[in-house]
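**Q** Please see the structure below; I have some questions.
The values are calculated or read from the model by the stated rules, or taken from the named source; none is laboratory data. Note that the coordinates shown come from a computational prediction; the quantities given were computed from them, not determined experimentally. For neighbour counting, all protein chains shown are included, and Cβ atoms are generated from backbone atoms with ideal geometry for every residue, glycine included. Protein only, heavy atoms only, side chains kept; ligands, DNA and RNA dropped before computing areas. Shrake-Rupley method; radii C 1.70, N 1.55, O 1.52, S 1.80 Å.
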Amino acid sequence: MKKTLFIFLLVTVKMFAQDTLIYSQKNSLMFSNKYLLFPKTNKFEHIFKTDDGQTWFGKGTYTIKKSKIILDFGDSEENIKSETQIERIYDKSNVFDTLIVKFIDKKISKSMGHIKYNEKYYYTDFDGQLKIPKSELKKDELPIVETFIQGSIINIELRDINILSALIITAYDIYSYYHFESNFTRVLNFKNNKIKSEDFYGTTKKNAIFELLK
C-alpha cells in the first residue's frame, strides 16, 4: 500500500513540474491519438487524427482519483468556430468586373479554399486567392456562394454585387473535417503513468494504451 501511494505521489509531482504532458496511443502508424494534459490548470485536450484528414477534437478539465483520470469535456468547438469570419469589402469609387475571394487559414501559412456557385467550382491559387466574374454572379438577384470549412458547408450571401470588390474568409484549419467532442465525461484507467482506454475510435481490437512522450 505504501509503495503504491509513493508511486502515485511521485507521478503527481512529476506532472505538476511540467507545463504539458502528451500521452500518445501506442502502435498508431496510420493515425494519431493523443491526450494533452496541462497540470498547472488541470485542463486537457484530446486530438484524434486519421489519415484521410478527419479530426476528433475535445477539451475540458480533468481530475485524477486513485487509478482513474476523469475527463470532463466542455464546449470543444467554441474557440475554433469563433475564428471563422466572413468579411465583405465594398468600394463605391471603383467598380470591378471580377470579385476577389481571399482565404486566410490561421493554422497554416499556405491557405487553400474553394467557392461553389451554380454547380461550378472556383479554386484558390498559391496565394489563397480566386476570382469570379461578376457577369456570372449577376445572373441572380441575390447570389449565394458556397464554401467548405472544417467539414461544414457554409452559404454566403453576396449583397450589392456591383460594389462588392472582395470577400475575405478567415478560419482555423479550413480543410480538416472536424468532429467536436463536447459536454460529456470520460473515465479512463490511469496507472504507472499510462492511460488505458476503451477503443472509442475503432483503431484496435483491444484496449488503447497511451504512453507519456518524453
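**Q** For the range 39-147, run through the GluC sites (Glu not before Pro) and keep only the ones in DSSP coil with at most 10 other Cβ atoms within 10 Å of their Cβ.
**A** Glu119, Glu141
**Q** Any idea how far the Cα center of the range 57-129 sits from the one of the range 158-199, in Å?
**A** Cα centres, the range 57-129 to the range 158-199: 10 Å.
**Q** Quick query: amide H of Ser165 versus all other amide H atoms, modeled in the peptide plane; which residues come in under 5 Å with a sequence gap of 5 or more or a different chain?
**A** Those qualifying (amide H under 5 Å, at least 5 residues apart or on another chain) are Ile89, Tyr90, Asp91.
**Q** Determine the relative contact order of the chain: mean sequence separation of Cα pairs under 8 Å and six or more apart, normalised by residue count, in whole percent.
**A** Numbers: 448 pairs, mean separation 51.8, N = 214.
Reported relative contact order: 24 percent.
**Q** Largest first and in whole Å, give the semi-axes of the chain's equivalent ellipsoid, each being the square root of 5 times a Cα gyration tensor eigenvalue.
**A** Working: eigenvalues 449, 53, 36 Å².
The three semi-axes for the chain are 47, 16, 14 Å.
**Q** In addition: Whenever you get a sec, compute what percent of the accessible area on the chain sits on carbon and sulfur atoms (1.4 Å probe). Spell out each step's value before the answer.
**A** Numbers: 6970 of 13190 Å².
Reported share for carbon and sulfur atoms: 53 percent.
**Q** Expressed as a rounded percentage, what relative contact order does the range 111-214 have, with Cα pairs under 8 Å and six or more residues apart?
**A** Details: 122 pairs, mean separation 17.4, N = 104.
Averaging sequence separation for qualifying contacts and normalising by length gives 17 percent for the range 111-214.
**Q** If you average 1/r over every pair of different alpha-carbon atoms in the range 45-108 and take one over that average, what Kirkwood value in Å do you get?
**A** Working: mean 1/r = 0.0615 Å⁻¹.
Every distinct Cα pair counted, the radius reaches 16.3 Å.
**Q** Now, a different point. Calculate log10 I(q)/I(0) of the range 84-137 for q = 0.15, 0.17, 0.19 Å⁻¹, where I(q) comes from the Debye formula with a single equal point scatterer on each Cα and nothing for solvent.
**A** Values returned for q = 0.15, 0.17, 0.19 Å⁻¹ are -0.49, -0.62, -0.75.
**Q** From the backbone phi of the range 67-79, what are the Karplus-calculated ³J(HN,Hα) couplings (6.51 cos²θ - 1.76 cosθ + 1.60, θ = phi - 60°) in whole Hz, Gly and Pro given as x?
**A** Values, residue by residue: 9, 10, 10, 9, 9, 9, 6, x, 7, 7, 9, 4, 5 Hz.
**Q** Averaging over all projection directions, find the projected area of the Cα convex hull of the range 12-131 and quote it in nm² with one decimal place.
**A** On the way: hull surface 48.5 nm².
Approximately 12.1 nm², given one-decimal rounding.
**Q** Next question, about the same structure. For the range 111-161, which trypsin sites (Lys or Arg not before Pro) are in a loop by DSSP, counting at most 15 other Cβ atoms within 10 Å?
**A** Taking the range 111-161 and a limit of 15 other Cβ atoms within 10 Å, the loop trypsin sites (Lys or Arg not before Pro) found are Lys138, Lys139, Arg159.
**Q** Cut-off under 24 Å on the C-alpha distance; same-chain residues fewer than 8 positions from Lys120 excluded. Which lysines are left, in chain and number order?
**A** Filter leaves Lys102, Lys110, Lys131, Lys134, Lys138, Lys139.
**Q** Please state, rounded to one decimal and in Å, the Kirkwood hydrodynamic radius that the range 96-214 gives when every pair of distinct Cα atoms enters the mean of 1/r. Could the numbers behind the result be given before it?
**A** Numbers: mean 1/r = 0.0566 Å⁻¹.
Value: 17.7 Å, from the Cα pair sum.
**Q** Mean residue ellipticity at 222 nm from the helices of the chain, using -39,500 (n - 2.57) per DSSP H segment of n ≥ 4 over the full residue count, to the nearest 500 deg cm²/dmol? Don't skip to the answer; put the middle values down first.
**A** Details: 3 runs with 24 residues, N = 214.
So the helix-based figure for the chain works out to -3000 deg cm²/dmol.
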